[in-house]
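Working notes, beginning with the structure itself.
The values are calculated or read from the model by the stated rules, or taken from the named source; none is laboratory data. Just so it is clear, the structure is predicted and the values come from calculations on it, not from any experiment. Glycine also receives a Cβ, built like all others from the backbone with ideal geometry; neighbour counts cover every protein chain displayed. Areas reflect the complete protein model, heavy atoms only, side chains present, ligands, DNA and RNA absent. Shrake-Rupley method; radii C 1.70, N 1.55, O 1.52, S 1.80 Å.
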Amino acid sequence: MKIAVTGGLGFIGSHTVVELQNVGFDVVAIDNLSNSSIEVLDGIERITGKKPVFENIDLRDKAAVQDFFKKYHDLAGVIHFAASKAVGESVENPLLYYENNINALVYVLQELTQLQQANFIFSSSCTVYGQAEQMPITENASVQPAMSPYGNTKQIGEEIIQDTAKVTPLNAILLRYFNPVGAHESAEIGELPLGVPQNLVPFITQTAIGLREKLSVFGDDYPTTDGTAVRDYIHVVDLAKAHVVALQRLIHQKNETKVETFNLGTGKGSSVLEVIKAFEKVSGKALNYQIVGRREGDITEAYANTDRANNVLGWKAELGLEEALASAWKWEQKIRS
Ligand code: WQD
């Protein structure tokens, strides 16, 4: 069976392509290489022995999307990762985010819903919950007014899918990721942040390898055990495997509801200082960091209630924070060697 993975050379996309190939799917990876590199294809091939078909397409180009679906009219499904994802950048450049994250989604859905099978998996985010009232966060926690244009594009994306599924053959699963971290154990693929990393773990590994002078810890005055903010850090390989399970659910067991939503996390929260301590343990390196003020727009705490993912989707995270940090560190050392 053939599956299209948009953003297939990106961080989560490439790890998902590996897991799809591992269970026998034929993958067509679509990417415009704006936040990834063509070498990722070779990394995937070194892991699975199979290079995915690659289509260099910018999904903002409606005609190109139409041509793609004419060529691949026999797809069993689409997993849609392609999107801009930097919270801060989205505040500075909202129209880039609405064009890239919304127009592209609309063009893909316009074509997908013409096919025999319209199975669609959407990369969403726990950011839709804002600061949830209750921990752990369940899927029926209220969706809060978005804190950034990036978060808004995820909320709008989910609504577009819900509305479309009502009146077309579309069957969809919305996957709300908590904090994806780590890299494939082979260190053949991993996160390739462009410029100064916005996210915690790549900043930690770049500090440890000497690329960054020190990590700034954004605030230690939150109402948490040690004052630093708490997140649910999920290994990217666990996250990738969840996409395979979700796709198989869409293909084989037509779910009664046309659109299902699942939180993807470990169910465990870790503070920034706990992540630093865990990293120092797995790397054997003392990390140079300094507590500074809070970052605008950050929330105090978010970690997932994983009951639905475990009991309905049939997926559970297997890898813990230390494995994720060890794999991120191994990857950082590999790409800087
Ligand atoms: C984690 C914690 C920071 C950097 C965002 C998006 C989410 C997803 C993941 C795309 C926070 C602290 C960070 C640093 C720090 N994005 N931190 N120093 O903000 O939880 O989630 O990225 O898929 O949708 O919202 O992730 O890694 O940026 O921050 O102290 O240099 O680490 O304050 O508490 P975040 P993050």
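A few remarks follow.
- Averaging Cα coordinates gives a centre for region 21-71 and one for region 268-308; these two points are 33 Å apart.
- Of all DSSP bridge pairs formed entirely within the chain, close to 5 percent run antiparallel.
- With the largest listed first and rounded to whole Å, the semi-axes of the equivalent ellipsoid of region 201-333 from the Cα gyration tensor are 32, 18, 11.
- Share of carbon and sulfur in the accessible heavy-atom surface of region 100-255 [1.4 Å probe, %]: 48 percent
- If a spin label sat at a point 7 angstrom from the Cα of Ile251 along the line to its beta carbon, the backbone N atoms of region 86-130 nearer than 16 Å would be those of 116-122.
- The chain: DSSP helices with Cα axial extent of at least 20 Å and average Kyte-Doolittle hydropathy no lower than 0.5: 236-252
- Region 119-171 and region 183-208: distance between their alpha carbon centers, rounded to Å: 26 Å
- Mean silhouette area of region 26-159, derived from the convex hull of its C-alpha atoms and averaged over all directions, reads 9.6 nm².
- Residue ranking by accessible heavy-atom surface, 1.4 Å probe, largest first, among Asp42, Asp31 comes out as Asp42, Asp31.
- Directionally averaged projected area (convex hull, Cα atoms, region 93-138), nm²: 4.7 nm²
- Low-density loop cleavage sites - GluC sites (Glu not before Pro) in region 256-337, where at most 14 other Cβ are within 10 Å (DSSP): Glu256, Glu296, Glu318
- FRET E, pair Arg294, Leu211, Förster distance 22 Å, beta-carbon r, rounded to 0.05: 0.35
- Long-range Cα-Cα pairs in region 67-115 (distance over 18 Å), rounded percent: 39 percent
- Accessible surface of region 1-86, 1.4 Å probe, proportion on carbon and sulfur as whole %: 49 percent
- A cut-off of 5 Å between modelled amide H atoms, ignoring neighbours fewer than 5 places along the same chain, links Val28 with Ile3, Ala4, Val5.
- Dividing the summed helix terms, -39500 (n - 2.57) for each DSSP H run of n ≥ 4, by the number of residues in the chain produces a 222 nm estimate of -11000 deg cm²/dmol to the nearest 500.
- Taking a Cβ cut-off of under 13 Å around Ala64, the surrounding Lys, Arg, Asp and Glu residues balance to a net charge of -2, with basic ones at +1 and acidic ones at -1.
- Å² of accessible area per residue within region 109-164, as computed with a 1.4 Å probe and no ligands counted: 42 Å²
- Residue pairs, from the table Lys214/Lys330; Lys281/Lys334; Lys85/Lys258, whose Cα atoms sit over 22 Å apart: Lys85/Lys258
- Percentage of interatomic Cα-Cα distances in the chain larger than 35 Å: 17 percent
- For the pair Lys62 and Val312, the difference between a 0.36 nm per residue extended length and the Cα-Cα distance amounts to 86.4 nm.
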